[in-house]
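S.K.: Structure incoming, see below.
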Amino acid sequence: MSHAIDGAIEHPVALWIVGLINLLIGSFMVAVHEVWSADWRGAVTIIGWSALLKGAIVWLFPNFSRTVCRTCNRVGVLALGGVVAVLLGLFLCYEGFRL
């Protein structure tokens, strides 16, 4: 898996697409769900703004983004981030669809 990520970040088009996806998802979330509260709805807003910011950083500073991705991939932060993302997704699904 780490070889695939290392290969993908070296291609400028792949990095551009990642930035575009983050910009689109972040923009959509910010436009549709702008709720600032101290519960799970606020977390959704923060995730949207984070995605928007990440997309802008990837587009504006591609070399910095490559360096950060390489470092995180070597240390194993990407695997930990995946676990955290799954747990956060499960929590938000529970809160959002609870009847």
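The values are calculated or read from the model by the stated rules, or taken from the named source; none is laboratory data. Predicted model, so just to flag it, every value in this text is computed and none were measured. Heads up, the Cβs are rebuilt from the backbone with ideal geometry, glycines too, and the neighbour counts pull from every protein chain shown.
S.K.: So which residues in segment 1-33 are in contact with a helix residue (DSSP H, G or I) (Cβ under 6 Å, 6 or more places away or on another chain), at pLDDT below 85 and either of a type in the set (Gly, Ala, Ser) or more than 21 Å from ARG66 (Cα to Cα) (or both), if there are any at all?
M.R.: Those that are in contact with a helix residue (DSSP H, G or I) (Cβ under 6 Å, 6 or more places away or on another chain), at pLDDT below 85 and either of a type in the set (Gly, Ala, Ser) or more than 21 Å from ARG66 (Cα to Cα) (or both): SER2, ALA8, ALA14.
S.K.: Looking only at segment 45-73, which residues are modelled with pLDDT under 90 and of a type outside the set (Lys, Arg)?
M.R.: The answer is PRO62, ASN63, SER65, THR67, VAL68, CYS69, THR71, CYS72, ASN73.
S.K.: Does SER65 fit the bill of being under 15 Å from LEU23 (Cα atoms), out of contact with any Phe, Trp or Tyr (no Cβ under 6 Å at 6 or more places or on another chain) and surrounded by 15 or more Cβ atoms within 10 Å (Cβ to Cβ)?
M.R.: yes
S.K.: Continuing with this model, one more query. Looking for something surrounded by fewer than 13 Cβ atoms within 10 Å (Cβ to Cβ) and hydroxyl-bearing (Ser, Thr, Tyr) - is there at least one such residue anywhere in segment 38-56?
M.R.: No; the residues of segment 38-56 include none that is surrounded by fewer than 13 Cβ atoms within 10 Å (Cβ to Cβ) and hydroxyl-bearing (Ser, Thr, Tyr).
S.K.: Continuing with the same structure: How do the helices (runs of 4 or more DSSP H) wholly within segment 1-94 filter down when requiring 1 or more residues that are in contact with a Lys or Arg (Cβ under 7 Å, 6 or more places away or on another chain): which remain?
M.R.: Ranges flagged: 2-9, 12-32.
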